[in-house]
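Quick notes on the structure that follows.
The values are calculated or read from the model by the stated rules, or taken from the named source; none is laboratory data. All figures in this text were calculated on a predicted structure; none of them were measured in a lab. Reconstructed Cβ throughout: ideal geometry from the backbone, glycine too, with neighbour counts over all protein chains shown. To get the accessible areas, we keep the full protein, side chains included, count just its heavy atoms, and leave off ligands, DNA and RNA. Shrake-Rupley method; radii C 1.70, N 1.55, O 1.52, S 1.80 Å.
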Amino acid sequence: GAGVSQSPSNKVTEKGKDVELRCDPISGHTALYWYRQSLGQGLEFLIYFQGNSAPDKSGLPSDRFSAERTGGSVSTLTIQRTQQEDSAVYLCASSLVRTNNEQFFGPGTRLTVL
Amino acid sequence: QQQVKQSPQSLIVQKGGISIINCAYENTAFDYFPWYQQFPGKGPALLIAIRPDVSEKKEGRFTISFNKSAKQFSLHIMDSQPGDSATYFCAASKAGNQFYFGTGTSLTVIP
């Protein structure tokens, strides 16, 4: 079956523009996670969805970042007024929370803010 | 405060040697400890995972050793191969909620 997909794979934008990143989780996975990975760094947790609700938004770095999930499936991460320090790879993962904790990651979206 | 600390940052091992990566955690409520492998341009992929009720788990050449009292766990790669060259992340979570990842170890296996 299909894994986690993310789009676009690469995004180059100008400072101050808004961007939307999309994640399509594995069908039936109730949990969805967003992470940010900067060059040579580990994975920085951003937000976690259980179904359509986000019980943990603690990782969002500023109010310029927001995310939503509709229909318990697709999620979008929106970054408003992008800054150069937002440049990173944004990774999405999904998991079947109730049966196991394995997270399946998508290939990521590489965001470059000029 | 970093919930999971990983070392070393980078590791170079000869083909056939043993690669060892260590992680330490803070929260005793964590109940799931996975290791992820990431190749350049790809998302991380689950390699092996352990729960705190066992002290060791082995899958092929990969072994996790878990020390609950010390709050430490490690990944051992036996007979390391050049194809194992990748970045490895440890992680910890509680009840399937937020995962805390280590900062990663870049492993290079020299032929």
In region B:22-58, how many are over 24 Å from A:GLY106 (Cβ atoms) and open to solvent by 20 Å² or more (accessible area, probe 1.4 Å)? 15
Mind listing whichever residues of region A:49-67 are touching a residue at least 12 places away in the same chain (Cβ under 8 Å) and of a type in the set (D, E, K, R)? A:ARG64
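For residues that are acidic (Asp, Glu) and more than 11 Å from chain B (Cβ to nearest Cβ), scanning just region A:20-66, find the one that is farthest from A:SER87 (Cα to Cα). Can you show your working first?
Quick first cut of region A:20-66, residues acidic (Asp, Glu) only: A:20, A:24, A:44, A:56, A:63.
Next, only the ones that are more than 11 Å from chain B (Cβ to nearest Cβ) stay: A:20, A:24, A:63.
On the way: A:GLU20: 13, A:ASP24: 21, A:ASP63: 17 Å.
Here the residue is A:ASP24.
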Within region B:41-64, can you find the residues that are in contact (Cβ under 8 Å) with a residue 12 or more places away in the chain, within 11 Å of another protein chain (Cβ to nearest Cβ) and assigned to a loop (DSSP other than H, G, I, E, B)? B:PRO44, B:ARG51
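Mind checking whether some residue in region B:65-86 is facing chain A (nearest Cβ under 9 Å) and in contact (Cβ under 8 Å) with a residue 60 or more places away in the chain?
Scanning region B:65-86 turns up no residue that is facing chain A (nearest Cβ under 9 Å) and in contact (Cβ under 8 Å) with a residue 60 or more places away in the chain.
Give the residues of region B:79-111 that are part of a strand (DSSP E or B) and either of a type in the set (S, T, N, Q) or farther than 18 Å from A:SER58 by Cα (or both), sorted by residue number.
Pass one, region B:79-111, residues part of a strand (DSSP E or B): B:86-93, B:99-101, B:105-110.
The answer is B:ALA86, B:THR87, B:TYR88, B:PHE89, B:CYS90, B:SER93, B:THR105, B:SER106, B:LEU107, B:THR108, B:VAL109, B:ILE110.
Of all residues being over 12 Å from the mean Cα position of the chain (by Cα), part of a strand (DSSP E or B) and more than 14 Å from chain B (Cβ to nearest Cβ) in region A:85-114, which is surrounded by the fewest Cβ atoms within 10 Å (Cβ to Cβ)? Just the residue, please. Reasoning before the result, please.
To start, the set of residues in region A:85-114 that are over 12 Å from the mean Cα position of the chain (by Cα) comprises A:85-87, A:95-104, A:112-114.
Imposing the further condition that a residue be part of a strand (DSSP E or B) reduces the set to A:95, A:104, A:112-113.
From what is left, the residues that are more than 14 Å from chain B (Cβ to nearest Cβ) are A:112-113.
On the way: A:THR112: 13, A:VAL113: 19.
Step by step, filter region A:85-114, then rank; the result is A:THR112.
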Looking at (1) under 23 Å from B:CYS90 (Cα atoms); (2) open to solvent by 40 Å² or more (accessible area, probe 1.4 Å), which is the only condition A:GLU14 fails? (1)
Looking at (1) β-branched (Val, Ile, Thr); (2) in contact with a Phe, Trp or Tyr (Cβ under 7 Å, 6 or more places away or on another chain); (3) crowded, with 19+ Cβ neighbours inside 10 Å; (4) more than 26 Å from B:GLN6 (Cα to Cα), can you tell me which one A:THR82 breaks? (2)
